[in-house]
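**Q** The structure that follows is given in the form of structure tokens.
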Amino acid sequence: MTISGIAPVTFLLPIAPAEPTPSGEAFHAAFSDAISKVEGFQQNAKASVDRFLSGEGEELHQVALAAKQAELSFDLFLQVRNKVVNAYEEVMRMQV
């Protein structure tokens, strides 16, 4: 039995696109990419649970790891979103 390492959480990297684009488009692309990757982790966890419950040979520890990966990626995404909203609110409170 081989044990592989845990893959790094890189769904938010790289934030800056390779080619220069207007800042709104770059933010939209990074945000959309992050959402799709978090959704992918959620779907992977659901599929893993479904395979386990149907008896298709899915190991319990793999189900637990997939569920925890989905949970952690969602929590990280939520915290990043909260920081972005807080930064936006702080900028809006500034007097020009």
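**Q** Pairs only if they're at least six apart or on different chains, beta carbon under 6 angstrom, first in the range 35-48 and over 22 Å from Leu60 (Cβ atoms), second surrounded by 16 or more Cβ atoms within 10 Å (Cβ to Cβ) and not basic (Lys, Arg); list them, first residue then second.
**A** Lys37/Phe11; Val38/Ser73; Val38/Phe77
Conditions (1) farther than 17 Å from Phe31 by Cβ; (2) surrounded by 13 or more Cβ atoms within 10 Å (Cβ to Cβ); (3) touching a Phe, Trp or Tyr at 6+ places or on another chain (Cβ under 6 Å); (4) at pLDDT below 95, marked per residue:
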{"position": "Phe52", "(1), (2), (3), (4)": "yes, yes, no, yes"}
{"position": "Gly57", "(1), (2), (3), (4)": "yes, no, no, yes"}
{"position": "Ala70", "(1), (2), (3), (4)": "yes, yes, yes, no"}
{"position": "Val80", "(1), (2), (3), (4)": "no, yes, no, yes"}
{"position": "Val85", "(1), (2), (3), (4)": "no, no, no, yes"}
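The values are calculated or read from the model by the stated rules, or taken from the named source; none is laboratory data. Because the structure is predicted, anything quoted here is derived from the model rather than measured. Note that we place each Cβ from the backbone using ideal geometry, even for glycine, and neighbour counts take in every protein chain shown.
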